[in-house]
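Report on the following structure.
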Amino acid sequence: MTYYAPRVSTQLSLTKWLKTKSSQDRRLILARVGFTSEDEIPPQDLARLLLHPRAALSLVGLCTLPQRQALSAVAWLAARRYGPLLDLWYDEDPAERAVPRADVLDLLAGSDRALRERASATLDALADLALVLPPHGDQVIVSTGVHAHLSEEAGLGRPAADLIGQHFNAPEVHAIAEALGLPKARAREAAEQNVLGLLTDPDRVRALLAQAPAEAREWLLHIIGHGSRVLTHVYQARGGFYQQTKYAFRPGGSGDPNTDWLAARGLLLPAGPYDDMAEVPIEVAVAVLGESRVPFTPEPPRPPDGLPDAVGADGSAQAAATTALSQIERVLAACADQPPVLRKAGGLAVRDTKRVAKAAGAPEDVTRFWLDLATQAGLLGLHAEPVPRPKGHRGKLPEPTVSLLPRTEYDDWLKRSPAERLTTIIATWATIPAIYTYWPEGDGTPVALIEPDDPNAVGIRYAVVEALAALPAGKGVSAADLSYVRERAAWHRPHQFARSGADAELVGAVLREAELLGLVARGVLTGVGRAVRDLLRSGEAWTSPEPALTAALEALLPPAQATAFFQADLTAVVRGMPGPELAELLDDIADRESEGHAVVWRFTATTIRRAFDRGHEAGALLERLAEMAEAPVPQPLEYLIKDTARTHGRVRVVRSGCCIRSDDEGLVEELARSHALRTLGLRKIAPTVLVGAAGEEETLARLRAAGYTPALESETGATIIERAARRRV
């Protein structure tokens, strides 16, 4: 790998600082810049990596709002003192752009003693992140990547001369001069000098604002307090010389009289390069505030009053986690039984998703979520079936059919405890760069198996769980409180929220995914959710999440049950989470009816016949049920199994392409005359034997569709157990 190589002084000091850190701390720093390898990188190589501009951007993405504000203050001061950074990749020592620590504190906190202490603590925290470089002392040094990324984010507007000269033609300058009541000038240059003379004079600016409407003054203070930039419709783009965009006042104004008043007098100028962005010049901000200040927000938004009580959160979380694991198991089983097919355009076919959703007993959007997570967790994989080349064929073969199948890891996963199985899924969800249940309107039909490619997803996810962790004990958030969650989350990860434009809908999607997995219940973070928050905060979510997650899930989930309660109404109830062996048996011989704190299966003649088709025998089946029963197997269930066994296999399909036999001559005659079986072309060749034109698989399927219960027989007369071939990727 090629590292950015600054001049030796900063690199040596950073290397010396890294040598004081433990190997674990250095690996954590590596994880923060996108490296998840356990390999140790020597301090000198890590120093070069941390000084790379791209590494700086990765680390800035992990900053809270006050940390980002502090870095932007350093970058702005450096740009004022040394000029703009001309070449990001130039071999320049960051120490040559150092700024006094006192100046940074002045810019962030002014003379407020308590605020200065918070700003100083923020700089110290940035030093631990290796974003403020050693030596610390009286100077603050940041990498050139920070200078490049944050020099214009300090919230301090640019000089009025720069904004007017870059973005206005002569008519707009004359219009501002007229609105300010300045003498009429013949040339643009004179008019511009008159305007700048007023805007750069603090006393004249304050006098102008004293005459302004009160609402306009309040609006100006609001803009300055939130970064000096605002979205507005007051300007529209015009053509400019040398490809430089010029702006004119929009006919009819912006629709906001306060914005129009400020813009007409040059107190709000075009920021470029977008029509709707405007900026308060720095001279105006200084005149209003009395000093240059960068917005500094050391405290996150406080939870609103009147939050609802989170009663029964633990029970809801347990039910959600149990349901999630059950649905994921059935999604995987459905993919093993009949693999879904990948579309040529990418993603799974909608009809296959519907089929898997029906088999899992889950909504389609939730099924898509489980399919994506299971694939990313390595439990499902894509398999391209080779297309055989016909004899003598020399042309291009058709594209192979790509289907979704369980991977070999799936069988080992099934043998683990419920907590360990769910750990695999949650650990994947925590670090996957996608929010799968968020599908904005207008983006086409939602489909499963879309490659994750959202670099902001993990940061947004972490910020949301941090916002929930700050709620008062016993209180949760409702749908009406999403604005608080978004504001608090944006404080924790402003970089990701700014880049993604995350809104309440996206935050709601993150919360829903967390609720489906049991991390959030009734609007409050559960023990599992707190474990995920800690893992993301420490970086261990990428390296070793299993111990902490498994422990949290074992505390949440009840122990796996090895027995069921069989009832006379032909149902079986498992109180809690069924163990793998019990669930597999009951899924074979019954249909799941409901889930939650207890799982209910229902037995019918159809499900028992299905079990016999898969090779179960009545005697052995009753013995296994008796072993797993909390009380004696009720007589109705015993009678159902025995009655179904008596009729099962009375018709025998022989593999002699194709032959049907039965010891019941009346039944053979009935089959030969059956209108429903006429497509099989059955013909009686003996009182107990029929032959047909269809193959054995079609014959079995037609007989079962007509209500019969045939069994497959080998050429030697032995019954063949029909088991689907187990295919794995």
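Taken over region 534-547, the criterion of being closer than 11 Å to Glu466 by Cβ and either crowded, with 21+ Cβ neighbours inside 10 Å or polar (S, T, N, Q) (or both) is satisfied by Leu536 alone. Within region 404-443, being farther than 28 Å from Gly508 by Cβ and either among the β-branched types (Val, Ile, Thr) or outside the structural domain of Leu536 (by TED's automatic domain parsing) (or both) holds for one residue alone: Thr408.
Scan region 294-303 and tell me whether some residue there is among the aromatic types (Phe, Trp, Tyr) and over 22 Å from Gly155 (Cβ atoms). Steps first, answer last, please.
Applying the first criterion (among the aromatic types (Phe, Trp, Tyr)) to region 294-303 yields 296.
Within this subset, residues satisfying the condition of being over 22 Å from Gly155 (Cβ atoms) are none.
Scanning region 294-303 turns up no residue that is among the aromatic types (Phe, Trp, Tyr) and over 22 Å from Gly155 (Cβ atoms).
Is it the case that Gln24 is part of a helix (DSSP H, G or I), over 25 Å from Ser151 (Cβ atoms), of a type outside the set (A, V, I, L, M) and at pLDDT below 75? Yes; evaluated as a whole, the condition is true for this residue. Right, Asp260: over 30 Å from Pro66 (Cα atoms) and either among the β-branched types (Val, Ile, Thr) or surrounded by 16 or more Cβ atoms within 10 Å (Cβ to Cβ) (or both) or not? Taking the combined requirement at face value, the residue satisfies it. Residues of region 218-247 that are modelled with pLDDT of 90 or more and surrounded by fewer than 18 Cβ atoms within 10 Å (Cβ to Cβ): Glu218 alone. Among the residues of region 248-299, those that are of a type in the set (Ser, Thr, Tyr) and at pLDDT below 90 comprise Ser254, Tyr274, Ser292. Out of the residues in region 169-207 that are touching a Leu at 6+ places or on another chain (Cβ under 8 Å) and not in a helix (DSSP H, G or I), which is farthest from Glu283 (Cα to Cα)? Checking each candidate, the answer is Leu182.
For every residue, the table says whether it meets (1) over 15 Å from Ser143 (Cα atoms); (2) touching a Cys at 6+ places or on another chain (Cβ under 9 Å); (3) surrounded by 21 or more Cβ atoms within 10 Å (Cβ to Cβ).
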| site | (1), (2), (3) |
| --- | --- |
| Gln44 | yes, no, no |
| Pro66 | yes, no, yes |
| Leu71 | no, yes, yes |
| Gly83 | yes, no, no |
| Val104 | yes, no, yes |
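Quick one: would you say Asp305 is among the acidic types (Asp, Glu) and in the same structural domain as Asp453 (by TED's automatic domain parsing)? Even if it seems obvious, please write down each step before you answer.
Working: among the acidic types (Asp, Glu): yes; in the same structural domain as Asp453 (by TED's automatic domain parsing): no.
Against the criterion (among the acidic types (Asp, Glu) and in the same structural domain as Asp453 (by TED's automatic domain parsing)), Asp305 does not qualify.
Of all residues in region 286-307, which are over 20 Å from Pro66 (Cα atoms) and outside any loop (DSSP other than H, G, I, E, B)?
We begin by selecting, within region 286-307, every residue over 20 Å from Pro66 (Cα atoms); these are 286-288, 290, 304-307.
Passing the criteria: Val286, Ala287, Val288.
How many residues are more than 18 Å from Leu182 (Cβ to Cβ) and in a helix (DSSP H, G or I) if we restrict to region 247-263? Going through region 247-263 one residue at a time, the tally reaches 4. Considering (1) in contact with a strand residue (DSSP E or B) (Cβ under 7 Å, 6 or more places away or on another chain); (2) outside any helix (DSSP H, G or I); (3) in contact (Cβ under 8 Å) with a residue 40 or more places away in the chain, the lone condition that Gly266 does not fulfil carries the number (1).
Screening Ser143 against (1) under 32 Å from the mean Cα position of the chain (by Cα); (2) under 29 Å from Leu220 (Cα atoms) leaves a single unmet condition, (2). The requirement of being buried (at least 23 other Cβ atoms within 10 Å of the Cβ) and modelled with pLDDT under 90 is fulfilled somewhere in region 156-166, by at least one residue. Does at least one position in region 115-136 carry a residue that is touching a Leu at 6+ places or on another chain (Cβ under 6 Å) and among the charged types (D, E, K, R)? Yes: region 115-136 contains one or more residues that are touching a Leu at 6+ places or on another chain (Cβ under 6 Å) and among the charged types (D, E, K, R). If the condition is being in contact with a Ser or Thr (Cβ under 8 Å, 6 or more places away or on another chain) and assigned to a loop (DSSP other than H, G, I, E, B), then region 422-457 contributes Val447, Ala448, Leu449, Asp454, Asn456. Say whether the condition of being at positive phi, in contact with a helix residue (DSSP H, G or I) (Cβ under 9 Å, 6 or more places away or on another chain) and not hydrophobic (A, V, I, L, M, F, W, C) is met by at least one residue in region 128-141. So far as region 128-141 goes, yes, one or more of its residues are at positive phi, in contact with a helix residue (DSSP H, G or I) (Cβ under 9 Å, 6 or more places away or on another chain) and not hydrophobic (A, V, I, L, M, F, W, C). Across region 487-531, the number of residues qualifying as hydroxyl-bearing (Ser, Thr, Tyr) and either buried (at least 24 other Cβ atoms within 10 Å of the Cβ) or touching a strand residue (DSSP E or B) at 6+ places or on another chain (Cβ under 8 Å) (or both) comes to 1.
Of the residues contained in region 187-209, none is found to be surrounded by fewer than 15 Cβ atoms within 10 Å (Cβ to Cβ), under 44 Å from the mean Cα position of the chain (by Cα) and at pLDDT 90 or above. Number of residues in region 132-168 that are in a loop (DSSP other than H, G, I, E, B) and not aliphatic (A, V, I, L, M) equals 13.
Every residue, every condition in (1) touching a helix residue (DSSP H, G or I) at 6+ places or on another chain (Cβ under 9 Å); (2) farther than 25 Å from Thr428 by Cβ, yes or no:
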| site | (1), (2) |
| --- | --- |
| Thr550 | yes, no |
| Leu553 | yes, no |
| Pro559 | yes, no |
| Ala562 | yes, yes |
| Phe565 | no, yes |
| Ala568 | yes, yes |
| Val573 | no, yes |
| Gly579 | yes, no |
| Asp588 | yes, yes |
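The set of residues in region 206-231 that are among the basic types (Lys, Arg) and within 13 Å of Gly157 (Cβ to Cβ) contains only Arg229.
The values are calculated or read from the model by the stated rules, or taken from the named source; none is laboratory data. Everything numeric here is computed off the predicted structure, so don't read it as measured data. Note: ideal-geometry Cβ built from the backbone for every residue, glycine included; neighbour counts use all protein chains shown.
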